[in-house]
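These notes concern the structure reproduced below.
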Amino acid sequence: MFKLKLKRLYPLILLLVSFLLLILPFTWTKLNHVGGDDSKLYYLFPLEILKNFSLNIISDNGTGTWSSYTSPSYSTPFLAFILLIKTIAPFINTQLLMYGLTLALGFIFFYLILDIWVKNDNMYSFFGKIISGLFYILSPYLTYSLYLHRLMGIHLIATIPSVLYFFIRGIYEKKYVFIVVSAVIMSVFSNTLITLPYSGGVFLSILPLFLYIFLLHKKQFLLSAGVFFILFLLLNAHWMIILINSFFSSVASGDVISSISSNALRNGDGFLIKSVSQINNINTVVFNTFGSNRPTQSSTTVLGIIFIEVIAFAGLYLNRINKKVKEIYIIAITMLVVTFFLFSPNIGNWGVDLFLWLTHHVPGFIMFRNMYDKFGLALSISYALALGISLKIIADNVKNNVSRIVIFSLLIIILLINAKPLILADKFKYPIYTTKNSYDSITDFNSDFYDLVNYLKNVPDPSRYLWFPINKVNYVAIADAKLKNHYYIGISPIQYLTKKQDFTATMGLGSPYESGVGNKISESLFDKNYHKVGKYLQKLNVKYIILNKDVYKSKEIQNSFMYDGDFFDIQNNLALKKYLFGKKIKDFGTRYSLYEINNKYMNDKIYLTNDFNTISSDPSLNFEKKTNYEYKISIKNLTVEKKLVFLDPYYKGWSLYFTNSGDLVSKNIFVLNYANGWTINPVEIQKKYPASFYHKNDDGSINLELTLYFKPQKYFYIASMISILSLFGSLVYIILNFLNRRSRKA
């Protein structure tokens, strides 16, 4: 009778644990934690980022630096979801709610994955799945990777288990609706491209499980995988088509595909792989003392060995359990061993050598070079799955209730002890992204910054901006509106908020095609060769300088990683400003001033010149930026051959054609080691084209009306429509299937 009543409480217990995980982030703070490599501003400005960034597919979509010709629209569905939450519940901290949902749903779906093989034959089986779900969601391998950095990949903690659950269930039950659900979840919530190192790591670790399922359900597995793969391609066509096109249309390592598979990157990161491997060996992984952010080995971390012992203890009962559970246990152990190796290959010299071999011979494997970070999610899943199956074995075979209670209680206690840094947010209060109290980093940007943003929105000139003083790490410091000595320190939000492109650091100066420009600028600053600095900036189309006075007020910022060494001091002199700064345009409160660059280095994004290697200005050319992918150009009184230069990174997709006819003027070529160039010859134009293509003046010169257009934009429209229709069709199919199931039950 007691067991029956308790069983009825199972759903309530699951709901209670999920609710506690949902509200856990709200105990950490009331403020937003933003900054760092991906800014985390998508929780605050999803609409602005959608409009100004994620739907741009050209290079004019950087965040304080250059970016390659790939579409950042992979994040569009995720941003749309966040925007929906902000619209429905504007009174709730969206960031904390998303973290809470990640914890709660990650727990629930991991429980459901175990439920496929582990049935609630007794209360210990049920609580074993609860413990394993908590072990997964509170894992130290997640705490010191995804939780610590809180980049977009953090939401994979819920996304990956949900995708795996629906995919496996779809195969077992032969219901394609679950396969469709898994493909939709992966496409909408995974931010596919930017989180690939984490999801790719999980895929490698679960290969033994997929192989096992394939051997049991060959035909269904292949059909389900085919449906998933095809639908995933259709749902992600809006960015995949542009990515594929960039592979064929780029001349250097500016695209994502070539950058993650280049020999230079693989060879250069060999030292990093060896260094990280030396820090972490198999002992540090087992005892949870891995990574540069972990504490030294202590009694609490040493207790982590208990989980391995429980898994090993369950193996003693393999002869007593049914074939199905035995097979899953062996598969789970295999997954765990594989992932232990990937997480920390420092198992003798052969381990590191094998990892290096994979890096050099498997395209894209270089993305796992910081392995303890990239395989943290994979190890959490493999470890928790092995634990869950083991607890099922123990629950069924250890008949002494006291022993079972002791084992399960001990696991819960150790689990909570190891989860203390996450539960109390201890490890999130270090000054990582801000100068003080980084965890409570921002309430809002200051009003001076918003004044600057509103001004930049209305500047028609598409030339670029430089933050000064220049730092080293592609970050910008923006003071909080209310909290003294609190700063947003992360990638520049200018592109997000204004659709303008800016540079913040030497690391980001230079094009994707010309490495080392930032280092050359840094060397020139140290050598006080300011003229050389100005010429570099001119070539990069820097026409405006934003003076950030907050840097001059804060010794902490000056002495931080942003200005490592004396990089601030070498820029804090009048001689440099005299060389670089031109006319002041406007002050924005006491924090920012906007200047033109010195006239010596003044330029335009599009200009005419006699020689591709000479940057010049010709008043006969005027242009207007219509959109990021289209410019209107007018050339008056053209009498001799001229070179037209467009200071965006070279891409074959940029086409210059006669506005009236659509015919190409000439072929795009690679100039200035990064930019686009066309030769315009009035004599050839008059010979080759009819008079309707141009206007001939009385003195024999001609006037031209031209359009500069980014051809892949047309593919983007088509691809976006494919993705939208695929998503709409998938949702309709899911809803109709759900309604049909309900009607059959009724």
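Only one residue in F110, F81 is crowded, with 18+ Cβ neighbours inside 10 Å and not assigned by TED's automatic domain parsing to the domain that holds A719, so which one is that?
F110
Residues that are crowded, with 23+ Cβ neighbours inside 10 Å and of a type outside the set (S, T, N, Q) were ranked within segment 22-39; the one that is farthest from the chain's Cα centre (by Cα) is H33. Applying the set (1) in a strand (DSSP E or B); (2) among the aromatic types (F, W, Y); (3) at pLDDT below 95 to Y631 leaves exactly one unmet item: (3). Condition check for K578 on (1) of a type outside the set (A, V, I, L, M); (2) in contact with a Leu (Cβ under 6 Å, 6 or more places away or on another chain); (3) over 21 Å from I489 (Cβ atoms): one failure, at (2). Taken together, K543, K600, K553, K584 contain a single residue that is surrounded by fewer than 18 Cβ atoms within 10 Å (Cβ to Cβ), basic (K, R), at pLDDT 95 or above and under 26 Å from L456 (Cβ atoms), which is K584. G364 fulfils the conditions (1) at positive phi; (2) buried (at least 21 other Cβ atoms within 10 Å of the Cβ) except for a single criterion, (2).
Take the residues of segment 651-666 that are of a type outside the set (D, E) and without any contact (Cβ under 8 Å) to a residue 40 or more places away in the chain: which is farthest from F247 (Cα to Cα)?
At the first step, the residues of segment 651-666 found to be of a type outside the set (D, E) are 651-662, 664-666.
Okay, now just the ones that are also without any contact (Cβ under 8 Å) to a residue 40 or more places away in the chain, so 661-662, 664, 666.
Numbers: S661: 30, G662: 26, L664: 23, S666: 23 Å.
If we take residues in segment 651-666 being of a type outside the set (D, E) and without any contact (Cβ under 8 Å) to a residue 40 or more places away in the chain, then S661 is farthest from F247 (Cα to Cα).
Note on segment 28-61: residues that are polar (S, T, N, Q) and free of Cβ contacts under 8 Å to residues at least 60 places away in the same chain amount to 1.
Taking segment 367-384 as the search range and keeping residues that are part of a helix (DSSP H, G or I) and within 16 Å of the chain's Cα centre (by Cα), which one is surrounded by the fewest Cβ atoms within 10 Å (Cβ to Cβ)?
Just the residues of segment 367-384 that are part of a helix (DSSP H, G or I), to begin with: 367-368, 371-374, 376-384.
Cutting the leftovers down to within 16 Å of the chain's Cα centre (by Cα) gives us 367-368, 373-374, 377.
Numbers: M367: 17, F368: 24, D373: 25, K374: 21, L377: 30.
Among them, the one singled out is M367.
Sub-7 Å Cβ pairs linking a first residue in segment 709-732 that is among the hydrophobic types (A, V, I, L, M, F, W, C) to a second residue that is at pLDDT 95 or above and surrounded by fewer than 21 Cβ atoms within 10 Å (Cβ to Cβ), at least 6 apart or interchain, are I722/L234, ordered by first then second residue. Which residues, taken from segment 649-680, are within 15 Å of L608 (Cα to Cα) and not in a strand (DSSP E or B)? V665, S666, N668, L672, listed by residue number. Among the residues of segment 125-176, those that are touching an Asp or Glu at 6+ places or on another chain (Cβ under 8 Å) and farther than 23 Å from L424 by Cβ comprise S125, K129, M152.
If I go through segment 12-44 residue by residue, how many of them are among the polar types (S, T, N, Q) and touching a His at 6+ places or on another chain (Cβ under 7 Å)?
0
Taking the numbered list (1) surrounded by 18 or more Cβ atoms within 10 Å (Cβ to Cβ); (2) more than 29 Å from the chain's Cα centre (by Cα) in turn, S730 passes all entries but (2). From the residues in segment 69-111 that are polar (S, T, N, Q), within 19 Å of the chain's Cα centre (by Cα) and assigned to a helix (DSSP H, G or I), which one is farthest from T27 (Cα to Cα)? Selected residue: S73. Of the helices (runs of 4 or more DSSP H) lying entirely inside segment 142-223, those containing at least 2 residues that are within 23 Å of S723 (Cβ to Cβ) span 156-173, 176-189, 196-205.
Could we say that T627 is in contact with a Lys or Arg (Cβ under 6 Å, 6 or more places away or on another chain), without any contact (Cβ under 8 Å) to a residue 40 or more places away in the chain and over 25 Å from Y552 (Cα atoms) here? Considered against the rule, which asks whether it is in contact with a Lys or Arg (Cβ under 6 Å, 6 or more places away or on another chain), without any contact (Cβ under 8 Å) to a residue 40 or more places away in the chain and over 25 Å from Y552 (Cα atoms), T627 comes out as no.
So that you can scan it fast, the table gives a plain yes or no per residue for (1) within 25 Å of I57 (Cα to Cα); (2) surrounded by 14 or more Cβ atoms within 10 Å (Cβ to Cβ):
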position	(1), (2)
K714	yes, no
S720	yes, yes
I735	no, no
N740	no, no
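The single condition among (1) at pLDDT below 95; (2) surrounded by 18 or more Cβ atoms within 10 Å (Cβ to Cβ); (3) assigned by TED's automatic domain parsing to the domain that holds K543 that N572 does not satisfy is (2).
Any residue in segment 327-343 that is part of a helix (DSSP H, G or I), aliphatic (A, V, I, L, M) and either under 19 Å from N120 (Cα atoms) or not assigned by TED's automatic domain parsing to the domain that holds H149 (or both)? For segment 327-343, residues part of a helix (DSSP H, G or I), aliphatic (A, V, I, L, M) and either under 19 Å from N120 (Cα atoms) or not assigned by TED's automatic domain parsing to the domain that holds H149 (or both): present. Within segment 550-600, the set of residues being touching a strand residue (DSSP E or B) at 6+ places or on another chain (Cβ under 7 Å), part of a helix (DSSP H, G or I) and closer than 23 Å to H486 by Cα comprises D550, V551, I557, M562, Y563.
The values are calculated or read from the model by the stated rules, or taken from the named source; none is laboratory data. If you're wondering where the values come from, they're calculated on a predicted model, not measured in any experiment. Virtual Cβ from ideal backbone geometry, glycine too; neighbours counted across all protein chains shown.
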